[in-house]
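Accompanying notes for the structure given below.
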Amino acid sequence: MNVSVRPPWDLDNEIEKPVAASTRKLADTLFAEIINGVHSYGTRLPAERALTEAYGLSRNTIRQALGLMEHYGVIRRRVGSGSVVCYRTADEAVVAKPPPAQELAVLDLGEIGEITSPLELGVVRSIVEPEIARLAVLNMTSRDIQHLNEIQREIDLVSVGGAKFSALDDELRMQIARGTHNPLLIAIYTMVNHVNRNADWAAQRRNALTPGRIKEYRLQIRSLCEAIESRDIEATVEYLKLSLAEFHQDLMRGA
């Protein structure tokens, strides 16, 4: 079956890094092969040397084409693992749409927020977030990381105002969860984020954040984002655990 789907870079009016015609043509060809099932989701593309021989192009052109595909979330590249397809067609994709209203009635997030204590939230975060961070390092695309860094730069500009800082911190952690590309984990963390954002005791904690405490959190967040961008799983998890420990302390002493 020959399916025609436009590659994502064709839908972007302004590609950040202009590429040569041969690079774009190769990226288009590989994308068409992915769409038509030659390379399915989760499988590896041929190695750079094999692509060079198959298409008669230079290694530099091959790398630029793979870089373009990675930037738009079609593949992810890892040293020693090659280029893995992470693009899904509309039929394959598990789209994280909000559940129907009748399903939301069964799961009342407002009620969960009211009955969840700070300690209970802390326990759930300590279980869920390290694994989310681990998967995010493995699965985040360059565009995911770019968005993460944009949020981090906004956080760096906040020196006072606990509510504003906390809202950006929530957004950053939600972006890390999205970076797992795991719909169930994203849904679970959406619940965690909702409680963290809307519980009465959480609002009091946010408003009590001092400029000194905000500064400490900013430094932790910067280190966390740098570790994610470096694809350092161990450092990412350690920085995250450190920030969670600080979160627990603030909850217990009322910030």
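The values are calculated or read from the model by the stated rules, or taken from the named source; none is laboratory data. Worth saying up front: this structure is predicted, and the values here are computed from it rather than measured. No Cβ is skipped: glycine too gets one built from the backbone with ideal geometry, and neighbour counts run over all protein chains shown.
Taking the range 211-237 as the range and being of a type outside the set (K, R), touching a residue at least 40 places away in the same chain (Cβ under 8 Å) and more than 26 Å from R76 (Cβ to Cβ) as the test, the residues that pass are P211, I214, Y217. When restricted to residues that are surrounded by fewer than 16 Cβ atoms within 10 Å (Cβ to Cβ) and either over 17 Å from V237 (Cα atoms) or within 10 Å of the chain's Cα centre (by Cα) (or both), the range 125-137 contains 0.
Pairs linking a residue in the range 34-53 that is surrounded by 13 or more Cβ atoms within 10 Å (Cβ to Cβ) to a residue that is assigned to a helix (DSSP H, G or I) and of a type in the set (D, E), with Cβ atoms under 8 Å and 6 or more positions apart or on different chains, are H39/E33.
Quick one: would you say T236 is touching a helix residue (DSSP H, G or I) at 6+ places or on another chain (Cβ under 7 Å) and assigned to a loop (DSSP other than H, G, I, E, B)? Spelling it out, it is not the case that T236 is touching a helix residue (DSSP H, G or I) at 6+ places or on another chain (Cβ under 7 Å) and assigned to a loop (DSSP other than H, G, I, E, B).
Cβ separations smaller than 9 Å between residues 6+ apart or across chains give the following pairs from the range 120-135 residues that are farther than 19 Å from A227 by Cα and at pLDDT below 90 to residues that are of a type in the set (A, V, I, L, M) and outside any helix (DSSP H, G or I): L121/A199. Which one is surrounded by the fewest Cβ atoms within 10 Å (Cβ to Cβ) among residues in the range 138-176 that are aliphatic (A, V, I, L, M) and either in contact (Cβ under 8 Å) with a residue 60 or more places away in the chain or under 20 Å from Y87 (Cβ atoms) (or both)? So, considering only residues that are aliphatic (A, V, I, L, M) and either in contact (Cβ under 8 Å) with a residue 60 or more places away in the chain or under 20 Å from Y87 (Cβ atoms) (or both), the one surrounded by the fewest Cβ atoms within 10 Å (Cβ to Cβ) is L138. Here the condition is being of a type outside the set (F, W, Y), in a helix (DSSP H, G or I) and within 16 Å of L244 (Cβ to Cβ); of A167, A187, A163, A177, it holds for A177 alone.
The set of residues in the range 219-252 that are within 20 Å of Q146 (Cβ to Cβ), touching a Lys or Arg at 6+ places or on another chain (Cβ under 9 Å) and not aliphatic (A, V, I, L, M) comprises R231, T236.
Just to be sure before I move on: is L242 exposed (fewer than 14 other Cβ atoms within 10 Å of the Cβ), at pLDDT 85 or above and assigned to a helix (DSSP H, G or I) in the structure I sent? I'd like the intermediate steps shown before the answer.
On the way: exposed (fewer than 14 other Cβ atoms within 10 Å of the Cβ): yes; at pLDDT 85 or above: yes; assigned to a helix (DSSP H, G or I): yes.
Answer is yes for this residue.
Among residues belonging to the range 10-25 that are of a type outside the set (G, A, S) and at pLDDT 85 or above, point out the one that is farthest from E70 (Cα to Cα). Reasoning before the result, please.
Here is the first cut: in the range 10-25, the residues of a type outside the set (G, A, S) are 10-19, 23-25.
Retained after the next criterion (residues that are at pLDDT 85 or above): 23-25.
Numbers: T23: 13, R24: 13, K25: 15 Å.
Among them, the one singled out is K25.
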